[in-house]
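Engineer: What follows is a structure written as structure tokens; I'll ask about it next.
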Amino acid sequence: FSISVATFFGVGRIRPAPGTLGSLAALPIGFIIMIAGGPIALLIAAIIATWLGATAAQIYGDKSGNKDDQSIVIDEVAGMW
């Protein structure tokens with residue numbers, strides 16, 4: 001689960017520019033959340049992505065041995081939302 005969240009379901013493993021691709025992947029999903037639930041739903045999604053993402057990134061970084069692994073893009077997702 002932590003790998004999926006940290007890499008935003010594998011987007012972070014796509015090369016080159018995983019951070020840019022993570023940001024681009026966040027946009028349509030954020031748009032759907034906004035249309036379905038409005039700005040409050042998007043805010044809640046951003047808070048959840050930040051909270052779960054921090055935990056998942058820590059676990060993923062510990063497993064990979066690289067605390068700043070480029071595959072971790074959940075921070076870009078949370079930031080875009």
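Engineer: Please state the charge dipole magnitude for the chain, taken about the Cα centre, from unit charges on C-beta atoms (+1 on K and R, -1 on D and E), reported in debye and rounded to the nearest 20.
Structural biologist: Details: 4 positive and 5 negative charges, 30 e Å.
Here the size comes out at about 140 debye.
Engineer: Using a 1.4 angstrom probe on heavy atoms only, work out the carbon and sulfur share of the accessible area of the chain in %. Please report the intermediate quantities before stating the final value.
Structural biologist: Values: 3450 of 4850 Å².
The C+S portion of the solvent-accessible surface of the chain is 71 percent.
Engineer: Rounded to the nearest 500, what is the chain's calculated 222 nm mean residue ellipticity when only DSSP H runs of at least 4 contribute -39500 (n - 2.57) each, over all residues? Present the calculation step by step, with values, prior to reporting the outcome.
Structural biologist: On the way: 3 runs with 59 residues, N = 81.
Helices in the chain give a 222 nm mean residue ellipticity of -25000 deg cm²/dmol.
Engineer: So, one more: Which net charge results when you count Lys and Arg as +1 and Asp and Glu as -1 among the other residues whose beta-carbon is under 13 Å from that of residue 71? Can you show the working numbers first?
Structural biologist: Details: positive: 13, 15, 63, 67; negative: 68, 69, 75, 76.
Around residue 71, the surrounding residues sum to 0.
Engineer: With a Cα-only, solvent-free Debye model of the chain, what are the log10 I(q)/I(0) values at q = 0.17 Å⁻¹?
Structural biologist: After summing over all Cα pairs, the log10 values are -0.59.
Engineer: Apply the Karplus parameterisation 6.51 cos²θ - 1.76 cosθ + 1.60, with θ equal to phi minus 60°, to every residue of the stretch 24-36 and state each ³J(HN,Hα) to the nearest whole Hz, in sequence, with x for glycine and proline.
Structural biologist: Here the 3J(HN,Hα) series is 5, 5, 5, 4, x, 5, x, 4, 5, 4, 5, 5, 6 Hz.
Engineer: Just subtract the alpha-carbon distance of residue 48 and residue 13 from 0.36 nm times their residue separation and send over the number in nm, one decimal. Spell out each step's value before the answer.
Structural biologist: Details: separation 35, 0.36 × 35 = 12.60 nm, distance 2.17 nm.
Gain in length upon complete extension: 10.4 nm.
Engineer: Taking the Cβ of residue 26 as the center, what net charge do the other residues with Cβ under 12 Å away carry, scoring Lys and Arg +1 and Asp and Glu -1? Let's see the in-between values first.
Structural biologist: On the way: positive: none; negative: 75, 76.
Residues near residue 26 contribute -2 overall.
Engineer: Continuing with this model, one more query. With θ set to phi - 60° and the Karplus curve 6.51 cos²θ - 1.76 cosθ + 1.60, what are the ³J(HN,Hα) couplings of the stretch 5-11 in order, to the nearest whole Hz, using x for Gly and Pro?
Structural biologist: Going residue by residue, I get 5, 4, 9, 6, 6, x, 4 Hz, with x marking Gly and Pro.
Engineer: Now, a different point. On a C-alpha basis, how far is the centre of the stretch 1-26 from the centre of the stretch 38-65 in Å? Whole number, if you could?
Structural biologist: 12
Engineer: Would you please give the residues with an amide H less than 5 Å from that of residue 8, counting only those at least 5 places away or on a separate chain, with H modeled from the backbone geometry?
Structural biologist: Residues meeting the amide H criterion: 73, 74.
The values are calculated or read from the model by the stated rules, or taken from the named source; none is laboratory data. Here the structure is a predicted model, which means the values were calculated and not measured. All Cβ positions, glycine included, derive from the backbone under ideal geometry; neighbour counts span all protein chains shown. We work out accessible area using only protein heavy atoms, side chains counted, and drop any ligands, DNA or RNA first. Shrake-Rupley method; radii C 1.70, N 1.55, O 1.52, S 1.80 Å.
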